[in-house]
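The values are calculated or read from the model by the stated rules, or taken from the named source; none is laboratory data. Quick caveat: nothing in here was measured; it's all calculated off a predicted structure. In this analysis, Cβ positions are derived from the backbone assuming ideal geometry, glycine residues included, and neighbour counts consider all displayed protein chains. Protein only, heavy atoms only, side chains kept; ligands, DNA and RNA dropped before computing areas. Shrake-Rupley method; radii C 1.70, N 1.55, O 1.52, S 1.80 Å.
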Amino acid sequence: MYPRGVFTFQTVWPDSVPETMLSAGVVVCNIGDPVWLNIPGYLLNDAQTNAEYVAYAINYIYGISNKRQVAVFGWSQGNIDTQWAFKYWPSTRSKVTDHVAFSPDYHGTILADFVALGEPLPPSLLQQEYNSNFITTLRNNGGDSAYVPTTTVYSGFFDEVVEPQQGTGASAFLNDARNIGVSNNEVQTVCAGQPAGSFYTHEGTLYNALGYALAVDALSHSGPGQASRLNLATVCANYLTPGLDLADFLLTENSIAIAGLAILVYPNKVVAEPAIKSYAASS
């Protein structure tokens, strides 16, 4: 029996995403109850510290929910923080039914390398360089494979934050060495030539109709979301998730401007990424 879940929403989620799920009656009535996780500093602090919040939240929410398993929704960096939590706090894994990852950067992004030219920057931005110490440590020893059933949703055209983001070489592409169950979904491939497979930004996956359908599918079945179970003719015909409108679209796109402002005003910038913590360095 597939258990009902409780969501933890990583990073600064546009209101449109949980709003859609709530208005559709899917989350509250049929699958679970949404819980927001707002990490201090807009996730610009040391990603290792951000991951500690994730690990604690999973255990805490599981505990106060009568030991119902948790499903984790992540966007962007929230996903690598979650993967770090799964890797270094193994107790979290049995408490999680699914990880649904929108625009993840499991291999960082080469665009961060072009931004980081020696000037002071927030720690987590430096940690998301393509071959940073953080990313290398995360991917070592099986960290590039799923620890829980994982559904990734990403855009190969055009993610303005994470590159490369195409095919099996995408930073979002997660391996499955443990046979846990992984579904990697580049929207332009699954919905090729259709509205849901057209132009989507880094934040655009959050309102993408295929992403929403895969998330619901993942939470309604054992294992990750599977496009093969969806009516793709119907799902891919929508550019926006049904229930969203132009205002939701604009609100979601505006999240990148907010993120840019947060980076500019972040007070504790550094010129080198934080050292890998001893518990991870020793492994």
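In the list ALA280, ALA257, ALA275, which residue meets the criterion of being of a type outside the set (S, T, N, Q), closer than 24 Å to GLY41 by Cα and outside any helix (DSSP H, G or I)?
Numbers: ALA280 fails: outside any helix (DSSP H, G or I); ALA257 fails: outside any helix (DSSP H, G or I).
Being of a type outside the set (S, T, N, Q), closer than 24 Å to GLY41 by Cα and outside any helix (DSSP H, G or I) holds for just one of ALA280, ALA257, ALA275, which is ALA275.
How many of the residues in region 43-96 are acidic (Asp, Glu) and open to solvent by 20 Å² or more (accessible area, probe 1.4 Å)? Walk me through how you get there before you give the answer.
The initial filter retains those residues of region 43-96 that are acidic (Asp, Glu), namely 46, 52, 81.
This time we only want the ones that are open to solvent by 20 Å² or more (accessible area, probe 1.4 Å), so: 46, 52.
Selection size over region 43-96: 2.
How about region 1-115: which strands (runs of 3 or more DSSP E) wholly inside it have at least 1 residues that are at pLDDT 90 or above? Explain how you work it out, then say what you get.
Values: elements: 5-9, 32-36, 70-75, 96-102.
Here the list reads 70-75, 96-102.
Quick one: in region 216-245, which of the residues that are part of a helix (DSSP H, G or I), of a type in the set (A, V, I, L, M) and at pLDDT below 95 is least open to solvent (accessible area, probe 1.4 Å)? Full working, then the answer.
Keep residues of region 216-245 that are part of a helix (DSSP H, G or I), which gives 216-220, 227-229, 232-235.
If we keep only those that are of a type in the set (A, V, I, L, M) as well, we get 216, 218-219, 227, 232-233, 235.
Next cut, at pLDDT below 95 only: 216, 219.
Numbers: VAL216: 30, LEU219: 6 Å².
So the residue we want is LEU219.
Taking the options ASN184, ASN131, ASN140, name whichever one is more than 22 Å from THR201 (Cα to Cα), open to solvent by 30 Å² or more (accessible area, probe 1.4 Å) and either of a type in the set (A, V, I, L, M, F, W, C) or not in a helix (DSSP H, G or I) (or both).
Working: ASN184 fails: more than 22 Å from THR201 (Cα to Cα); ASN140 fails: either of a type in the set (A, V, I, L, M, F, W, C) or not in a helix (DSSP H, G or I) (or both).
Answer to the check: ASN131.
Could you run through region 116-128 and say how many residues are open to solvent by 60 Å² or more (accessible area, probe 1.4 Å) and either in a helix (DSSP H, G or I) or without any contact (Cβ under 8 Å) to a residue 12 or more places away in the chain (or both)?
So in region 116-128, the residues open to solvent by 60 Å² or more (accessible area, probe 1.4 Å) come out as 117, 119-120.
Then keep just the ones that are either in a helix (DSSP H, G or I) or without any contact (Cβ under 8 Å) to a residue 12 or more places away in the chain (or both); that gives 117.
Number satisfying all stated conditions: 1.
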